[in-house]
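> Got a structure here, written out as structure tokens. Questions coming.
What follows is calculated from the coordinates using simple rules that are stated; it is not laboratory data. Remember, predicted model here, so these are calculated numbers, not experimental data. Please note: Cβ atoms are built from the backbone with ideal geometry, for glycine as well, and neighbour counts cover all protein chains shown.
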Amino acid sequence: MSTYILVPGLWLGAWAWHDVTAALRAGGHDVHPLTLTGVADRSHLLGPEIDLDTHIEDIVRLAEVEDLHDIVLVGHSYAGLPVSAAALRLRDRIKTVVYVDAGAQPEGTSQWDSTPPGEPIPDDAVALDPREWDPAADPQMLAGLDDRALDLLRTRGTPHPMASIKQGVGPHATSADLPTVLIACGFPAEVVQEMMAAGHPWFVEMTEARIIPLPTGHWPMLSEPKALSEILADL
């Protein structure tokens, strides 16, 4: 059986992995869904000092304190940044790094660089508020989410620490360092391959990754938890 650490993207906590966690545990796997500092059930710790380094440390400390080995380290969306950096520090404990609609972006790149918000944000903002979960306004990103999932996102999503979004990632693992899997949801696999070939920063460091398509929106742990769980279990 495998050991999994599941790290969610912006605005979400460990709760977002509930169905995936249950399915993997039912298969006998050791599963550790993680809430990053300042979000969800750890939102009481939100502050201007909570940055990307904090979230990297969250992942590293979990692995070290629980003495986990042969880890399948899974990062969704924003979590690709702290996961890639944590994987480098934990490389002797890592079996596979899995990016769910995410990537190992180049050093110095931040989430803010990749996907800046559409609305102006004050320079002194401590956190970024959750997006509007409106499928009519964003049918591609929110594809596959039913009313239950949308209600969870609207009621349980919390502001995300701004410093973690704006800080560029430092030294980190790429697909050349560790076995790497990219689960492609928002883009078809062939489009991802084209973006890799073109040197797109989202995927330029993923050229040796195994690409597994999962056609759905950007939150497959909620839109396709069974299919995502099966992919992860097969790894």
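> What FRET efficiency comes out for Val65 versus Arg156 if R0 is 41 angstrom and r is the Cβ-Cβ distance? Round to the nearest 0.05.
0.95
> Can you work out the base-10 log of I(q)/I(0) for segment 29-97 at q = 0.13, 0.18, 0.20, 0.21 1/Å, using the Debye formula on its C-alpha atoms alone?
Relative scattering, expressed as log10 I(q)/I(0), comes to -0.35, -0.66, -0.80, -0.88.
> Fewest first, what order do Trp133, Trp112 take by the number of other Cβ atoms within 10 Å?
Listing Trp133, Trp112 from fewest to most nearby Cβ atoms yields Trp112, Trp133.
> Segment 130-200: which GluC sites (Glu not before Pro) are DSSP loop and have at most 10 other beta-carbon atoms within 10 angstrom?
Answer in residue order: Glu132.
> Which order do the peptides 79-90, 137-148, 22-33, 174-185 come out in when sorted by mean C-beta neighbours inside 10 angstrom, highest first?
Output ranking for 79-90, 137-148, 22-33, 174-185: 79-90, 174-185, 22-33, 137-148.
> Continuing with the same structure: Could you list log10 I(q)/I(0) for segment 3-234 at q = 0.08, 0.11, 0.12, 0.15 Å⁻¹, which the Debye formula gives when each Cα is one point scatterer?
Each listed q corresponds, in turn, to -0.25, -0.50, -0.60, -0.99.
> Here's something else I'd like to know. Checking a compactness column here: for segment 167-208, what do you get for Rg(Cα) / (2.2 N^0.38 Å), N being the number of residues?
Ratio of Cα Rg to 2.2 N^0.38 Å: 1.20.
> Continuing with this model, one more query. Send over the semi-axes of segment 43-176's equivalent ellipsoid, whole angstrom and largest first, taken as the square roots of 5 times the C-alpha gyration tensor eigenvalues.
Result for segment 43-176: semi-axes of 26, 19, 15 Å.
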